[in-house]
1. Please give, to one decimal in nm, the separation of the simple spin-label points placed at Asp153 and Arg49, each 7 Å out from Cα toward the Cβ.
2. Computed over the Cα atoms of segment 23-73, what is the ratio Rg over Rh, Rh following Kirkwood?
3. Quick check on the chain: helices-only [θ] at 222 nm, where DSSP H runs of length 4 and up contribute -39,500 (n - 2.57) each and the sum goes over total residues. Nearest 500, please.
4. Here are several values of percent of Cα pairs over 25 Å apart: (1) 40; (2) 22; (3) 36. Which one was derived from the coordinates shown?
5. Enumerate the amide H contacts of Ile108 below 5 Å, restricted to partners 5 or more residues apart or on another chain; note that Pro and chain-start residues carry no placed amide H.
6. Which residues among segment 39-66 fall inside the zone where the amide N is under 16 Å from a point 7 Å beyond the Cα of Ala132, along Cα→Cβ?
7. Might you report the magnitude of the Cβ-based charge dipole of segment 15-150 about its Cα centre, with Lys and Arg at +1 and Asp and Glu at -1, to the nearest 20 debye?
8. Does segment 87-153 come out rounded, prolate or oblate by the C-alpha gyration tensor, with a ≥ b ≥ c the root eigenvalues, rounded set by a/c under 1.5 and, if not, prolate when a/b is larger than b/c and oblate if not?
Amino acid sequence: MIELGHQPFSNTEFDTPFLFQRRHLSLPEDLRPSWRIALLVLLMNGCCRGGRSSRARLHVLSWSVRNIESFRNLLAAATGELNPRSLVVRVDPFLDRAMDFAFGEGLIERLGGKGLKLSSAGKNYAAAIGEASDIFVLEKSFIHVIGHKVTEDLVAKMFGWKG
């Protein structure tokens, strides 16, 4: 007999009874796909001209929003106070997964091999999040401060692709 929640199931293949129980799993918000997708569209809408960006720039922006030190360092690099090559950016596989989900949901579109573009549905989603005053408060303030300062050229310098 197998119990799933409160509903029992019988199983003739096993001679031993067992029980499955649902357990609450506390997953930090920054690892939740819904949080990542929302952050992705906010970043593309607020930090990327025309809602267009490379994956690399999105990784830089996402990395910098994770803690205040990263944010300050990126802002210093964007304003010329810090050498962009001195930053060590963590490329996050969870962001790549969020990009895939956002693409699947029609929130972003792919532009050739490197670029991404916010779709009209993505812009509407970003606007709805922007209007809500009680969610993504710190992230929105980050986006307001950083604006369009993180250019593709800056990102290329950060990764050593340009001198």
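The values are calculated or read from the model by the stated rules, or taken from the named source; none is laboratory data. Everything quoted here is computed from the prediction, not taken from an experiment. Quick reminder, even Gly has a Cβ in these numbers, built from the backbone with ideal geometry, and neighbours come from all protein chains shown. Remember, those area values only see protein heavy atoms, side chains included, never the ligands or the DNA or RNA. Shrake-Rupley method; radii C 1.70, N 1.55, O 1.52, S 1.80 Å.
1. 1.0
2. Working: Rg = 12.6 Å, Rh = 12.0 Å.
Reported Rg/Rh (Cα atoms, Kirkwood Rh): 1.05.
3. Numbers: 7 runs with 78 residues, N = 163.
Roughly -14500 deg cm²/dmol at 222 nm, from the helical runs in the chain.
4. (1)
5. Amide H neighbours of Ile108, under 5 Å, 5+ apart: Phe103, Ser119.
6. 39-43
7. Its charge dipole is roughly 460 debye.
8. On the way: a/c = 1.59, a/b = 1.10, b/c = 1.44.
Since a/c reaches 1.5 but b/c is at least a/b, the shape of segment 87-153 is classed as oblate.
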